[in-house]
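Note sheet for the following structure.
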Amino acid sequence: MIDSIVNSQRLTINLSGNLSDKIKKSEIVALELMLDSTEFNEFIINLDEIDKFDMSFIIFLKYYIDKIKSKNKQINIIANTQNAKKILEFLENVDISKEDSKIKENYIKQSISKLGANIADAIHAAIDFINFIGILQYYLFLSITNPKKIKFRAISYHIYHGVLTAMPIIFVVSFIVGGVIAYQGAATLQRMGFPQASVEMTAKLTLREIGPFVVALIVAGRSASSYTAQIGVMKMTEEISAMKTMNFNLLNFIVLPRFIALVVSFPLMVFLSDLVSIFGCMIFLKAGFNISFNDYISQFIEFVEINSFWTGIIKAPFYAAVIAIVGCFVGFRVKNSTQSVGEKTTASVVYALFGVILVNAIFSLIFTELRF
């Protein structure tokens, strides 16, 4: 904060508060106008009330002190407090060029400060995320123990718009990916003289990894981004603030319906994706290597264990939970600008996919250790 007292040809400037990079530009401009004034012959600068300062402020003040002295005008510094004495010591020791009228930014310091701020933001975001998961678990438990609180209409709405509308693209992608993997696998095994072995290999791969991951990939791109964008727009239009004012529980009304809709419907989506992927394998192997449907089905029944199917189904709700939680959590971190909505929407998809890959890796290790 900057305050001034005019007494005839004397100008007293009282500086207080935080005079670092947090100072407002308007205050810097006002201080420059005071120190550049030609109306006064004597300047008194009081530093006693300053709480914080940085080297940019020191260089700024040193420049104008030297400038005032060069005009043969009197300048006095009041420095009685510890902070003020420290500033005075810096002013006496710092050496700047008198021709340089601009404050040179310390880019190394700025880079370190920015890195520190990013690390602090990441830590705070991680703590908020853990709190968010804990609160979600609490309200989920309350909803399960008291089903009357569950918003079934909202859940059915999100199942339709978030799941059923995504099924056509899931079917197409599952068919193509399953068929291409089967074709490439059979082509490799044919060179070894065992094209029939591609049935077991591709079927297990499809049931364990391809089917669930294709669904997670598409749903993360659609649902995580839409959840973030919807909640972000609700914040911008102050719908969230209105709900808080009316004492609505945000998790019950916004998060839980989306979470339950995805967790409940995801295993079904994975099951249907598995069927379409297997069908794609059959079509491509029939067209490329003349492996009949009967041969494929008989080998599938003989060599593919039920464990492969359950591996994908068990992972499905966890994929859904990650996507729903990330999409909603990032949505609540949107600021009141369209740019923030775009940035957070993109970030939510990246975070959701990272979460899915991490969950998949954890389950792979667990199932390998359990020999499941």
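A short reminder: the numbers here are calculations on the coordinates, not readings from a lab. Since this is a predicted model, take the numbers as computed values, not measurements. Glycine also receives a Cβ, built like all others from the backbone with ideal geometry; neighbour counts cover every protein chain displayed.
Reachable aspartates and glutamates from K151, Cα under 19 Å, same-chain residues fewer than 8 places away excluded?
E239
Amide H to amide H, which residues 5 or more places from I44 or on other chains are under 5 Å from it, using H placed in the peptide plane?
Amide H to amide H, under 5 Å and 5 or more residues apart or across chains, I44 pairs with L11, T12, I13, N76.
Taking 0.36 nm per intervening residue step and subtracting the Cα-Cα distance, what contour gain separates T237 from T81 on full extension? Write down the numbers at each step before the final one.
Values: separation 156, 0.36 × 156 = 56.16 nm, distance 4.80 nm.
The T237-T81 span can extend by a further 51.4 nm.
List the residues whose amide H sits under 5 Å from the amide H of L19, counting only those 5 or more places along or on another chain, with H placed 1.01 Å from N in the peptide plane.
Sorted by chain and number, the residues that satisfy this are D51, K52, F53.
Could the peptides 152-160, 112-120 be put in order, highest first, of the mean number of other beta-carbon atoms found within 10 Å of their residues?
Working: 152-160: 15.1, 112-120: 10.4.
Sorting 152-160, 112-120 by mean packing, highest first, produces 152-160, 112-120.
Length gain on complete extension for the stretch A126 to M246, per 0.36 nm per residue less the alpha carbon to alpha carbon distance? Mind dumping the intermediate values first?
Values: separation 120, 0.36 × 120 = 43.20 nm, distance 2.89 nm.
Computed gain between A126 and M246 is 40.3 nm.
For the pairs K149/K315; K25/K114; K114/K335; K52/K85; K149/K344, flag any whose C-alpha to C-alpha distance is greater than 24 Å. Kindly include the intermediate steps, with their values, before the conclusion.
Details: K149/K315 27 Å; K25/K114 20 Å; K114/K335 20 Å; K52/K85 13 Å; K149/K344 30 Å.
In this structure, K149/K315; K149/K344 lie more than 24 Å apart at Cα.
Considering the zone a paramagnetic label at K149 would reach in this model (a point 7 Å from Cα along the Cα-to-Cβ line), which residues of region 255-282 have amide N under 13 Å from it?
Correct set: 256-257.
Of S225, I313, I278, which is farthest along the charge dipole of region 150-370 in the positive direction, counting Lys and Arg as +1 and Asp and Glu as -1 at C-beta?
It is S225.
Highest first, please rank the peptides 162-169, 264-271, 330-337 by the mean number of other Cβ atoms sitting within 10 Å of their residues. Can you show the working numbers first?
Details: 162-169: 15.4, 264-271: 21.1, 330-337: 18.9.
Packing proxy ranking, top to bottom: 264-271, 330-337, 162-169.
Quick check: the distance between the Cα centres of region 287-318 and region 10-34, to the nearest angstrom?
Region 287-318 and region 10-34 have Cα centres spaced 74 Å from each other.
Compute the angle between helix 25-35 and the longest alpha-carbon principal axis of the chain, please, reported from 0 to 90 degrees and rounded to the nearest 10.
Roughly 20 degrees between the two axes.
Against the longest principal axis of the chain, how steep is helix 256-289, in degrees 0 to 90 to the nearest 10, with axes from Cα atoms?
50
Kindly rank 199-210, 130-141 from highest to lowest mean number of other beta carbons found within 10 Å of each residue. The partial results should precede the final answer.
Details: 199-210: 22.8, 130-141: 13.2.
Listed from highest to lowest mean packing, they are 199-210, 130-141.
If you take every DSSP beta bridge whose two residues both sit in region 2-105, what share of them, in percent to the nearest 5, is antiparallel?
Expressed as a percentage, antiparallel bridges in region 2-105 total about 30.
Let me know the charge dipole size of the chain about its Cα centre in debye, to the nearest 20, where only the beta-carbon of Lys, Arg (+1) and Asp, Glu (-1) is charged.
Values: 34 positive and 30 negative charges, 143 e Å.
Using Cβ point charges on Lys, Arg, Asp and Glu, the chain gives about 680 debye.
Could you compute Rg(Cα) / (2.2 N^0.38 Å) for the chain, with N its residue count? Intermediate results must be reported in sequence, preceding the final value.
Working: Rg = 32.7 Å, N = 372, 2.2 N^0.38 = 20.9 Å.
With N residues counted in the chain, Rg over 2.2 N^0.38 Å equals 1.57.
If you take the square roots of the eigenvalues of the alpha-carbon gyration tensor of region 2-105 and sort them as a ≥ b ≥ c, do you get rounded (a/c under 1.5), prolate (a/b over b/c) or oblate?
Numbers: a/c = 1.33, a/b = 1.14, b/c = 1.16.
Rounded, because the longest to shortest axis ratio a/c is under 1.5.
Measure nothing but the geometry: give the 0 to 90° angle between the long axis through the Cα atoms of 225-236 and the longest principal axis through the Cα atoms of the chain, rounded to 10°.
Helix 225-236 and the main axis of the chain meet at about 40 degrees.
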